[in-house]
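The structure under discussion appears below in the form of structure tokens.
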Amino acid sequence: MPKVTDPYTPAGAQHRLVDVPGGRIHLVEQGRGPLVLLVHGFPESWYSWRHQLPALAAAGYRAVAVDVRGYGRSSKPHDVAAYRMTAHVEDNVAVVRALGEETAVIVGHDWGATIAAHSALLRPDVFTAVGLLGVPYAPRNAIRPTDAFAMIGGDEEFYVGYFQEPGRAEAEIEPDVRGWLAGFYATLSADTMPPSGDGSVFFVPEGGQLSDRFVKDRPSWLTDAELDYYAGEFERTGLTGALNRYRNVDRDWEDLAEWDGAPITQPSLFMAGEKDASLAWLADAVKAFPTTLPGLVSSHILEDCGHWVQQERPEEVGRLLVAWLGSLRLAVR
């Protein structure tokens, strides 16, 4: 087990590399007790859970934050198809097994929420409860995702469509990773996001770039040192592995045909920022929770909060997670 020497790791946490079918997963763990697996979104890393690791450990849980494949010190397969949803589910199952456990609670944010949801859907024998932050569960439906993206935005291109072509978004981001990340984080943060009514950052005008509508301010939750950590990770790895998750939406749709419309029945939690655009886009998914998440036992909309919930409201998110986990009455060995 490598010795923790970097200043960004919470005191008492440890880094590990564990083998999975697709290579290796890097993780940071803290605490002892029932396993809680934390899965980040785009463009983040295990580090987005830096505040919750000690909070969960102090409450009696074994908190484990992974670098999703394609990120950080985890494996980065060259094949785009290696980033399909089923591969991420296999990674999560393998992490649980590598840690000597049979089951875990899984919690995810952004793409991590979708990965967590499908981990619970496909492997209910392993993932006994699921927490979703920022992005609600939306079951597979009859429309191919890229067809749906092509129907929205009018003359502008939806950002997920913009991310589809390998190399295109990389050409925008990688010349100035730190600056691009700073703008992306700020534009989706409650205290720095642009006024409503301006052109949406999620749509790209013809001939333009996603960053054309980024704001220049720095959100209050992000210090220079924290931005440096994120930028350093992506400057080292590039963005292709992270973007390849978007490039598998149609493969996922094909792979998950058997689960069309399927609910997640385990005990669940949903949490999102009041100002997160995902709530508006996916309002129908939230309304459908009585059918799609019949085990929902904890739901919270955080006032004056944007997309980066566990970083914008670290203490509140920690308290809500601990309260929800306590309601599950997990067995403590």
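When segment 93-111 is limited to residues that are of a type in the set (A, V, I, L, M, F, W, C) and part of a strand (DSSP E or B), the one that is surrounded by the fewest Cβ atoms within 10 Å (Cβ to Cβ) turns out to be ALA104. Considered as a group, the residues in segment 239-267 that are of a type in the set (Val, Ile, Thr) and farther than 15 Å from ASP110 by Cα include one that is least open to solvent (accessible area, probe 1.4 Å), and that residue is ILE264. Taken together, the criteria exclude PRO145 from residues that are within 17 Å of PRO267 (Cα to Cα) and in contact with an Asp or Glu (Cβ under 9 Å, 6 or more places away or on another chain). Note on segment 268-288: residues that are open to solvent by less than 10 Å² (accessible area, probe 1.4 Å), hydrophobic (A, V, I, L, M, F, W, C) and either under 21 Å from TYR159 (Cβ atoms) or assigned to a loop (DSSP other than H, G, I, E, B) (or both) amount to 1. Scanning segment 112-156 for residues that are closer than 27 Å to CYS305 by Cβ, assigned to a strand (DSSP E or B) and either free of Cβ contacts under 8 Å to residues at least 12 places away in the same chain or not small (Gly, Ala, Ser) (or both) turns up PHE127, VAL130, LEU132, LEU133.
Remark: pairs (first residue in segment 265-280, within 10 Å of GLY134 (Cα to Cα) and at pLDDT 95 or above; second residue assigned to a helix (DSSP H, G or I) and of a type in the set (Asp, Glu); Cβ separation under 8 Å; 6+ apart in sequence or on different chains) = GLY273/GLU312.
Of everything in segment 48-91 that's polar (S, T, N, Q) and open to solvent by 10 Å² or more (accessible area, probe 1.4 Å), which residue is nearest to ALA257 (Cα to Cα)? Looking at the filtered set, the residue picked out is THR86. Within segment 164-171, not a single residue is of a type in the set (A, V, I, L, M, F, W, C), open to solvent by 30 Å² or more (accessible area, probe 1.4 Å) and within 30 Å of VAL96 (Cα to Cα). Looking only at segment 31-42, decide whether some residue is over 30 Å from GLU254 (Cβ atoms), in contact with an Asp or Glu (Cβ under 6 Å, 6 or more places away or on another chain) and either surrounded by 24 or more Cβ atoms within 10 Å (Cβ to Cβ) or not polar (S, T, N, Q) (or both). The answer is yes; a qualifying residue exists. The condition (being in a loop (DSSP other than H, G, I, E, B), farther than 21 Å from GLU312 by Cβ and charged (D, E, K, R)) is satisfied by just one residue among ARG16, ARG24, ARG73: ARG73. Taken over segment 4-45, the residue count meeting the criterion of being touching a Leu at 6+ places or on another chain (Cβ under 8 Å) and of a type in the set (D, E, K, R) is 3.
All told, THR192 meets the bar of being more than 16 Å from ALA280 (Cα to Cα), among the hydroxyl-bearing types (Ser, Thr, Tyr) and either part of a loop (DSSP other than H, G, I, E, B) or free of Cβ contacts under 8 Å to residues at least 40 places away in the same chain (or both). Of the residues making up segment 207-230, just one is part of a helix (DSSP H, G or I), buried (at least 19 other Cβ atoms within 10 Å of the Cβ) and under 18 Å from the mean Cα position of the chain (by Cα), namely TYR230. Of all residues in segment 289-330, those that are modelled with pLDDT of 95 or more, polar (S, T, N, Q) and open to solvent by less than 40 Å² (accessible area, probe 1.4 Å) total 3.
The values are calculated or read from the model by the stated rules, or taken from the named source; none is laboratory data. If you're wondering where the values come from, they're calculated on a predicted model, not measured in any experiment. So basically every Cβ, Gly included, is an ideal-geometry build from the backbone, and we count neighbours across all protein chains shown. Keep in mind that these areas ignore ligands, DNA and RNA; they rest on the heavy atoms of the full protein, side chains included. Shrake-Rupley method; radii C 1.70, N 1.55, O 1.52, S 1.80 Å.
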